Amino acid sequence: MMKNRKTAALLLLILTVSLTLVSCGYVKYPAAGSESPGSAEASPAARQDLKWWQETIAYEIYVKSFKDSDGDGIGDLKGIISELDHLKDLGVGAVWLTPCYVSPQADNGYDIADYYDIDPAYGTMEDMDRLIAEADKRGIRIVMDLVFNHTSNRNEWFTASASGKDNDKSDWYIWRDPKEDGSAPTNWRSIFGGSAWEYNEARGQYYLHTFLPEQPDLNWANPDVRKAVIDVADFWVKKGVGGFRMDAITYIKKPAEFLDGEPDAGDGMVGIHSMTANTEGILDYLNEFKSAVQTGTDIFTVGEANGVSAEDLPDWVGADGVFDMVFEFGFVDIDLPDESNWCETREWTLPAFKQIFTASEEMTSGTIAGGWYPMFLENHDQPRSISHFLPAGADRAAGGKALGTLLLTMRGTPFIMEGQELGYINVDWPSIDDYDDISTKNHYQFALDEGYTEEEAMAGVHRFARDSARTPMQWDSSENAGFTAGKPWLPVYDDYAACNVEEETADPDSVLNWYHSLVKLRDGHRELVDGSYEELFPEDQQIFAYVRENDEARAVVLINLSTESAAYDASCVEQGELLLGTDGESEKGLLRPLEAVIYEIRK
Ligand code: GLC
């Protein structure tokens, strides 16, 4: 009797432990953030307990270019409200708004004069409250862009700081005395060109600006500054936003000593990035920010982390990292050895391109507890991906679908850049005067100063100008593509008659409808959302292929990113059923130019 009772107790114990393990997510379905290092290897099945922002699709709105409601040629918040259904139909659950705070617009809003109010060109705080509420009704959260490396030089914080050495904000920015000869404290070149220092008469000192002179860098070493930015973030959390994109975040910590660097161009200067990015101690500031702002909320953060690569990720993302996700830039610079020089490009290969994604996917899905990846191919600073990553002359629609497949089926939260879902390509306006972006103009001038010809400088502009990502959204084929009743602040691209939301909605073969199909597919085939990631054929020069697998199914995604047919070993899809293909039926083992297919093997 005694023995039986013991056995029963033991059985009960075993049962309880296994049930507990299953329900806690330690068996088969490790919950996001709960797995130990290497657990992805132990089981290909992936997490099922995803947070809201891991399951959704994010969309970047360039506020100035999305939709104008009042005919002044500038997009605005009311315009966004009127087009929220377009986003809902795309399965979007998070909308990242580029900065719409009060700003003199030296860098289109990335120079903030007042973090607590909306720029009148974009509307009012009431419009913002309504946008948050209207978006919420459609299951969409608004994500604000927090620009905290710098402010505008017209921000009250800066005007106080610049007024003299003896006020409560005098140490809020990075002030340094001139060198003995009166020149700038160091030979650092700002990211937008020219010296990173600007002289200020009132203080008899220089201030540092990583970007434009109109964007003075904040001094994060000062605890009052850190408190001030936390207060801003708290204000927006209380408004009900769903998250933050943290601008230029890798520059916030400056080195202890400011030293000249080895010149890297004929101007005798060195790019500031190599002197200040990711300075030791930066994580302390960001950890402080994270615990102050995020604790007890369900918001997410995504850092713009120029200079961070796969091996750095454990410090930056996941349960122990400072953000939920970071945008890394290894792949966007694959053809650009030096960001200041748009005239020197380098050859790149598809295996190298794929390896950059795979390295980060493996880190965020395997090594890092709770790691997650923000999948993107474009943003408002980058060329359009069809022009950037596909062979010259690639068909716009086929290319848009191939890259859209990559965007929406990799492991991570996809970030669609406004217009990408329509298959936008780069603009190639004839003269530099046609361009608006200050960094584009400065890059052009830098090229001329370095001795490149005007044609070479313009070729660089056509490849990399940020304006290509910022032309107005094309809603229909009416004048100005339905973006505005007035004169758009930046010209609408020539091809708008065919490439617009209305036309593409009606055309079953459009890029937009392909995006809709992919969104639907993600809903019905969850392995595309929560499944693990494993690359196939890493050495293949034409095909980007990978497996997404959870406990129920295994999806095989094959994308031909070349404009030639491409053969592959079909054994990976032998038992697979074709879920979706850009060209309809597909012969196993062979992809047409730019064809993308998704097979599924159910378990
Ligand atoms: C980021 C933004 C870019 C801006 C810069 C300065 O890189 O994405 O648009 O110009 O920071 O704020």
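Data table
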read-out	value
Qualifying helices (runs of 4 or more DSSP H) (wholly inside the stretch 44-92; at least 1 residues being modelled with pLDDT of 95 or more, buried (at least 23 other Cβ atoms within 10 Å of the Cβ) and basic (K, R))	63-66
Single residue of the stretch 95-116 satisfying the filter (open to solvent by less than 20 Å² (accessible area, probe 1.4 Å) and in a strand (DSSP E or B)) that is farthest from the ligand (Cβ to nearest atom)	V95
Strands (runs of 3 or more DSSP E) (entirely within the stretch 159-270) containing at least 2 residues that are away from the ligand (no atom under 16 Å from the Cβ)	197-200, 205-208
Residue check, F389 away from the ligand (no atom under 16 Å from the Cβ), of a type outside the set (A, V, I, L, M) and modelled with pLDDT of 95 or more	yes
Tally, over the stretch 195-216, of residues that are in contact (Cβ under 8 Å) with a residue 40 or more places away in the chain and under 21 Å from D107 (Cα atoms)	12
Failed criterion for D476 (all others in (1) over 30 Å from E55 (Cα atoms); (2) touching a residue at least 60 places away in the same chain (Cβ under 8 Å); (3) in contact with a Gly (Cβ under 7 Å, 6 or more places away or on another chain); (4) open to solvent by less than 50 Å² (accessible area, probe 1.4 Å) hold)	(2)
Residue that is nearest to G576 (Cα to Cα) [pool: residues in the stretch 526-557 that are open to solvent by 40 Å² or more (accessible area, probe 1.4 Å) and of a type outside the set (K, R)]	E552
Single match in A256, A319, A277, A310 (criterion: in contact with a Ser or Thr (Cβ under 6 Å, 6 or more places away or on another chain), hydrophobic (A, V, I, L, M, F, W, C) and farther than 24 Å from I112 by Cα)	A310
Residue check for A566: touching a strand residue (DSSP E or B) at 6+ places or on another chain (Cβ under 8 Å), open to solvent by less than 30 Å² (accessible area, probe 1.4 Å) and under 13 Å from T409 (Cα atoms)	no
Of all residues in the stretch 416-452 being more than 30 Å from A498 (Cβ to Cβ), open to solvent by 10 Å² or more (accessible area, probe 1.4 Å) and of a type in the set (A, V, I, L, M, F, W, C), the one that is farthest from the chain's Cα centre (by Cα)	L448
Subset of the stretch 236-265 (residues that are within 17 Å of the chain's Cα centre (by Cα) and farther than 20 Å from Q215 by Cβ)	G242, G243
Selection from the stretch 298-346 of residues that are outside any loop (DSSP other than H, G, I, E, B) and touching a Lys or Arg at 6+ places or on another chain (Cβ under 9 Å)	F300, T301, V302, G303, E304, F323, F327
Tally of residues being away from the ligand (no atom under 14 Å from the Cβ) and open to solvent by 10 Å² or more (accessible area, probe 1.4 Å) across the stretch 134-157	9
Total residues in the stretch 534-574, condition of a type in the set (D, E) and in a strand (DSSP E or B)	3
Matching residues in the stretch 517-533 - criterion: being under 21 Å from the mean Cα position of the chain (by Cα) and in a helix (DSSP H, G or I)	L518, V519, R522, L528, V529, D530
Matching residues in the stretch 169-194 - criterion: being under 28 Å from the mean Cα position of the chain (by Cα) and either open to solvent by less than 40 Å² (accessible area, probe 1.4 Å) or free of Cβ contacts under 8 Å to residues at least 24 places away in the same chain (or both)	Y173, I174, W188, R189, S190, F192, G193, G194
Filter result (more than 21 Å from M417 (Cα to Cα) and among the charged types (D, E, K, R)) within the stretch 450-501	E450, E454, E455, E456, E479, K487
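The values are calculated or read from the model by the stated rules, or taken from the named source; none is laboratory data. All figures in this text were calculated on a predicted structure; none of them were measured in a lab. Here Cβ is always computed from backbone atoms with ideal geometry, including for glycine, and neighbour counts include all displayed protein chains. Surface areas here come from the heavy atoms of the whole protein model, side chains and all, with no ligands, DNA or RNA. Shrake-Rupley method; radii C 1.70, N 1.55, O 1.52, S 1.80 Å.
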